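A.B. asks: Just dropping this structure here.
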Amino acid sequence: NSIIDYVLMHKLHRFGFMCDAYFRKNYVPLFKDYNLVEAHSCGGYVYQIKKKYNVPYIVTWHGTDIHTNPFLSKYNLKVTKFIIENAAYNLFVSHALMETSKKITTSINKTVSYNGIDNTFCITGCISFLVI
């Protein structure tokens, strides 16, 4: 981020345009032939890809992206809501985060994508690995 973006976003709680313009010019064209884009909590950038090339996006949401940042300012809340509602699907790393997202929007295009290890698979996987 540029110093201008830092001040706009973190001090004035406004839209930072320098980094956004750089991304749009240098990176969005790389996704022209994609069928789907997945982002981790940076849906604003993948929305640009959707807007330009009509490529749907999925966002995986983590902790502060849902339970803290949206509630720091009206701007953050508006942007987070927009990203969630325009995503093809939203994945939350816990049920609690998905429940918190209901304070942001009641959009139904969301589910929990647990990322913990199931011991059933670990034991089988470890044994298979040792046999090989």
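The values are calculated or read from the model by the stated rules, or taken from the named source; none is laboratory data. Note that the coordinates shown come from a computational prediction; the quantities given were computed from them, not determined experimentally. The area values use the complete protein model at the heavy-atom level, side chains included, leaving out ligands, DNA and RNA. Shrake-Rupley method; radii C 1.70, N 1.55, O 1.52, S 1.80 Å.
A.B. asks: Can you sort Thr68, Thr60 by 1.4 Å-probe accessible area, starting with the largest?
C.D. replies: Details: Thr68 50, Thr60 15 Å².
The ordering from most to least exposed comes out as Thr68, Thr60.
A.B. asks: Accessible area of Leu77, 1.4 Å probe, to the nearest 10 Å²?
C.D. replies: Solvent-accessible area, nearest 10 Å²: 60 Å².
A.B. asks: Okay, moving on. From the protein chains alone at 1.4 Å, what is the descending order of accessible area for Lys110, Lys50, Lys102, Lys78, largest first?
C.D. replies: Values: Lys110 25, Lys50 60, Lys102 105, Lys78 150 Å².
Heavy-atom accessible area, descending, gives Lys78, Lys102, Lys50, Lys110.
A.B. asks: Now for a separate question. So, with a 1.4 angstrom probe, what is the percent of accessible area on the range 33-110 that is carbon and sulfur?
C.D. replies: On the way: 2430 of 4300 Å².
Within the range 33-110, the accessible surface is 56 percent carbon and sulfur.
A.B. asks: Still on this structure: Using a 1.4 Å probe and ignoring any ligands, DNA or RNA, find the accessible area of His62 and quote it in Å² to the nearest 10.
C.D. replies: That residue has around 70 Å² of solvent-accessible surface.
A.B. asks: OK, next. Let me check something: with ligands and nucleic acids excluded, how do Ile58, Ile108, Ile4 order by accessible area (1.4 Å probe), largest to smallest?
C.D. replies: Details: Ile58 35, Ile108 155, Ile4 80 Å².
Solvent-accessible surface, decreasing: Ile108, Ile4, Ile58.
A.B. asks: Glu99 accessible area, nearest 10 Å², 1.4 Å probe?
C.D. replies: We get 70 Å² for Glu99.
A.B. asks: Still on this model: Starting at the first residue of the range 67-76, write each ³J(HN,Hα) from the Karplus equation 6.51 cos²θ - 1.76 cosθ + 1.60 with θ = phi - 60°, in whole Hz, x for Gly and Pro.
C.D. replies: 7, 10, 3, x, 9, 7, 7, 4, 4, 4
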